[in-house]
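The values are calculated or read from the model by the stated rules, or taken from the named source; none is laboratory data. Everything numeric here is computed off the predicted structure, so don't read it as measured data. Glycine gets a Cβ as well: all are built from the backbone with ideal geometry, and neighbour counts include every protein chain shown.
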Ligand code: LLP
């Protein structure tokens, strides 16, 4: 499986035909995940960032389907959890506690106690959390603990996913230098540093700059304390390629830039940890919706909208998806493009996935494929209008597996306390 390009439209159409042959094309909408491609993407990251004892985790928040996490764990990945609930998804997926990185920016005392008892890796977000850990930590505890540093870069292109700039609420700002030095001098359990600057809209030089600044801090810390700082977690943040005319930023290119700027990072004094989500998972998934109705315009009514594509609907200038129209014969539709609006099913005027998109004329019963939906799609589902969450499927070798069935009406009623 070639991972140096996005899956081509013909490959997606073929995957759609497999989904249809397995009997799922009659569902209003399904999410499809190419698990073989996921394995290839994971291998690509592991090869690019190879290093002694390196630990490559997948950010669960990008796609918490346990069947997806299981594939990652079986392929040798660890998992990054942004909540205690995600920790339990990681355990269910078979991840051993010492390969789970617990990163939530707001952790309760009970959650910290549980994480320490389980021996998870923990990245503390702030000084107060370090004091809480100090109160709970025992010499027998297997947890490895790092501190998240905000490298205070300039804000990246997409402000809402930019988290490593001056004023960001995540981590301890690099400029609080003396307090950081003091914390590392006092707490011998602190053995790692963590940095994560954003998701989409950052460039490789920005990513490298963030890591380099925190690596420089590490040099200074090593000079003032005897306990080794043997863990360095460089977070995720490598953008995915959502359109053909955008650059494809590969793990290989990022790792090469890092090797040039911070060669010591790869020398084995530290265990290198990565936490990629989007760049691994986005192009492993696509969504299929049946075209239910075509109104004058034309406006095609689909079965997913802002419930599944919250970013796309609310910030269309920042969030792009490509769409592929498939006819009832399972082949990409041909024909002269017509400026088509793709509307979602939710009851508000803004539930529109695309306006005036040039697509061959659609008819009810055709399908629209929404590309690159393997990350931050189902995990950001909104319950507005109480629609059933669609089924999620896996393409695994020759099999089409059900990763989660479509919600039943009973599931929806139960969600609302009925
Ligand atoms: N590590 C930490 C500490 C993070 O906060 C994140 C993502 C990751 C790793 C993974 O980043 P990635 O490689 O996936 O970019 N669709 C969401 C994205 C928010 C990302 C949050 N953090 C949104 O638009 O809000």
Practice task
State whether the residues of the range 55-69 include one that is touching a helix residue (DSSP H, G or I) at 6+ places or on another chain (Cβ under 8 Å), at pLDDT below 95 and either within 20 Å of residue 235 (Cβ to Cβ) or crowded, with 23+ Cβ neighbours inside 10 Å (or both).
Solution key: no
Exercise for the section: Kindly indicate the residue of the range 353-372 that is closer than 21 Å to residue 319 by Cβ and buried (at least 18 other Cβ atoms within 10 Å of the Cβ) and also farthest from the chain's Cα centre (by Cα) among those meeting that condition. Expected result: 359
Handout entry: Of the criteria (1) part of a strand (DSSP E or B); (2) under 28 Å from the mean Cα position of the chain (by Cα), which one residue 375 fails
Key = (1)
Problem - Residue count, the range 211-228 (criterion: over 15 Å from residue 255 (Cβ atoms) and either at pLDDT 95 or above or in a helix (DSSP H, G or I) (or both)) - result: 11
Problem - Number of positions in the range 203-251 that are closer than 30 Å to residue 324 by Cα and within 16 Å of the ligand (Cβ to nearest atom) - result: 15
Completion exercise
Over the range 73-83, the set of residues over 17 Å from residue 234 (Cα atoms) and within 13 Å of the ligand (Cβ to nearest atom) is 83
Exercise for the section: Can you tell me which residue within the range 261-279, out of those that are under 20 Å from residue 103 (Cβ atoms) and assigned to a helix (DSSP H, G or I), is farthest from the ligand (Cβ to nearest atom)? Expected result: 265
Exercise for the section: Give just the number: which of (1) modelled with pLDDT of 95 or more; (2) buried (at least 16 other Cβ atoms within 10 Å of the Cβ) does residue 199 not satisfy? Expected result: (1)
Practice task
Check every one of the helices (runs of 4 or more DSSP H) wholly within the range 1-79 and list those with 1 or more residues that are free of Cβ contacts under 8 Å to residues at least 40 places away in the same chain and assigned by TED's automatic domain parsing to the domain that holds residue 276.
Solution key: 35-48, 66-74
Exercise for the section: Please specify each residue of the range 139-167 satisfying the condition of being at pLDDT 90 or above and either within 14 Å of the ligand (Cβ to nearest atom) or not assigned by TED's automatic domain parsing to the domain that holds residue 123 (or both). Expected result: 146, 147, 148, 149, 150, 151
Exercise for the section: State yes or no: is residue 357 within 17 Å of residue 242 (Cβ to Cβ) and more than 16 Å from the ligand (Cβ to nearest atom)? Expected result: yes
Practice task
Would you check which residues across the range 184-196 are touching a strand residue (DSSP E or B) at 6+ places or on another chain (Cβ under 6 Å), within 13 Å of the ligand (Cβ to nearest atom) and assigned to a loop (DSSP other than H, G, I, E, B) and list them?
Solution key: 195
Practice task
Please determine, by comparing only the residues of the range 95-105 that are under 19 Å from the mean Cα position of the chain (by Cα) and in a loop (DSSP other than H, G, I, E, B), which one is surrounded by the most Cβ atoms within 10 Å (Cβ to Cβ).
Solution key: 103
Exercise for the section: Identify, by number, the condition in (1) more than 13 Å from the ligand (Cβ to nearest atom); (2) surrounded by 14 or more Cβ atoms within 10 Å (Cβ to Cβ) that residue 310 doesn't meet. Expected result: (1)
